[in-house]
Amino acid sequence: MVGMPSMPKIPRIPSLAEIQNMLKSDPVGKFKFMVMIGPELRGNFARVSGIESEIVFEEYREGGVNTGVHYLPTQTRHSRLVLERGIMNINPLEVWYMGVQTGAIAKLGGLIMLMNSKGKPVKIWAFKGAYPVKYVGPDLDANSSEVAVTKIEIIHDGLITIPIPV
């Protein structure tokens with residue numbers, strides 16, 4: 001028939017084995033990561049926490065509608081990033097924190113990269129407009145053989161996940 005559009009081609013449905021193979025991936029350990037702050041600071045940290053954000057909603061109850069509530073997004077909240085590392089003679093994070101204490105607030109961006117066993121990034125979080133707001137020195141104990149660790153808490157203007165091409 002002339003002038004009739006052709007039917008769209010129906011895609012082939014993958015088999016169960018093909019679907020299982022597509023979904024198969026090894027879980028990534030949380031022990032291999034790197035943090036970069038600003039153009040120069042790269043750090044190996046013992047621990048990073050606070051990689052989270054939350055969308056805050058306001059409940060709206062519409063008059064005459066008794067079957068449910070409307071939820072309206074109002075803002076996104078970001079947790080403080082907490083970076084922990086062993087004590088060093090010169091710690092650039094402490095220098096940055098002391099600058100903020102004296103009023104020299106340098107807002108920096110940064111990356112947190114989680115890597116697989118081969119050192120290839122598998123997840124990258126980027127933050128912007130960050131500066132340190134809290135310093136916690138080590139707990140000292142003459143009966144302990146643990147490494148002395150300091151913590152720096154950082155607030156920021158946003159946290160996003162950067163897609164990594166497969």
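The values are calculated or read from the model by the stated rules, or taken from the named source; none is laboratory data. Keep in mind that this is a model prediction, so the values were computed, not measured. In this analysis, Cβ positions are derived from the backbone assuming ideal geometry, glycine residues included, and neighbour counts consider all displayed protein chains.
Look at (1) surrounded by 10 or more Cβ atoms within 10 Å (Cβ to Cβ); (2) at negative phi and you find that G158 fails only one, number (2). Kindly evaluate V82 against the criterion of being within 22 Å of F31 (Cβ to Cβ), outside any loop (DSSP other than H, G, I, E, B) and not basic (K, R). Spelling it out, V82 is indeed within 22 Å of F31 (Cβ to Cβ), outside any loop (DSSP other than H, G, I, E, B) and not basic (K, R).
Within the range 107-131, residues that are farther than 18 Å from Y97 by Cα sit with their Cβ atoms under 7 Å from residues that are among the basic types (K, R) and in a strand (DSSP E or B), at 6+ positions apart or across chains, in these pairs: L114/K123. Might you check whether a residue that is of a type in the set (D, E, K, R), out of contact with any Gly (no Cβ under 9 Å at 6 or more places or on another chain), part of a strand (DSSP E or B) and modelled with pLDDT of 85 or more occurs anywhere in the range 85-103? No, the range 85-103 contains no residue that is of a type in the set (D, E, K, R), out of contact with any Gly (no Cβ under 9 Å at 6 or more places or on another chain), part of a strand (DSSP E or B) and modelled with pLDDT of 85 or more. Among the residues of the range 20-34, some residue qualifies, meaning at least one is at pLDDT 80 or above and outside any loop (DSSP other than H, G, I, E, B).
Scanning the range 33-47 for residues that are farther than 14 Å from W125 by Cα and touching a Lys or Arg at 6+ places or on another chain (Cβ under 6 Å), we see that the one that is surrounded by the fewest Cβ atoms within 10 Å (Cβ to Cβ) is A46. Taking (1) among the hydrophobic types (A, V, I, L, M, F, W, C); (2) in a strand (DSSP E or B); (3) over 16 Å from A46 (Cβ atoms) in turn, I164 satisfies each apart from (2).
Test I112 against the criterion of being of a type in the set (V, I, T) and part of a loop (DSSP other than H, G, I, E, B), and give yes or no. No, not satisfied. Of all residues in the range 52-73, those satisfying the criterion of being small (G, A, S) and not in a strand (DSSP E or B) are G63, G64, G68. Per this entry, T76 is not counted among residues that are among the polar types (S, T, N, Q) and in a loop (DSSP other than H, G, I, E, B).
Looking only at the range 119-148, residues that are part of a loop (DSSP other than H, G, I, E, B) and within 21 Å of the chain's Cα centre (by Cα) come to 2 in all.
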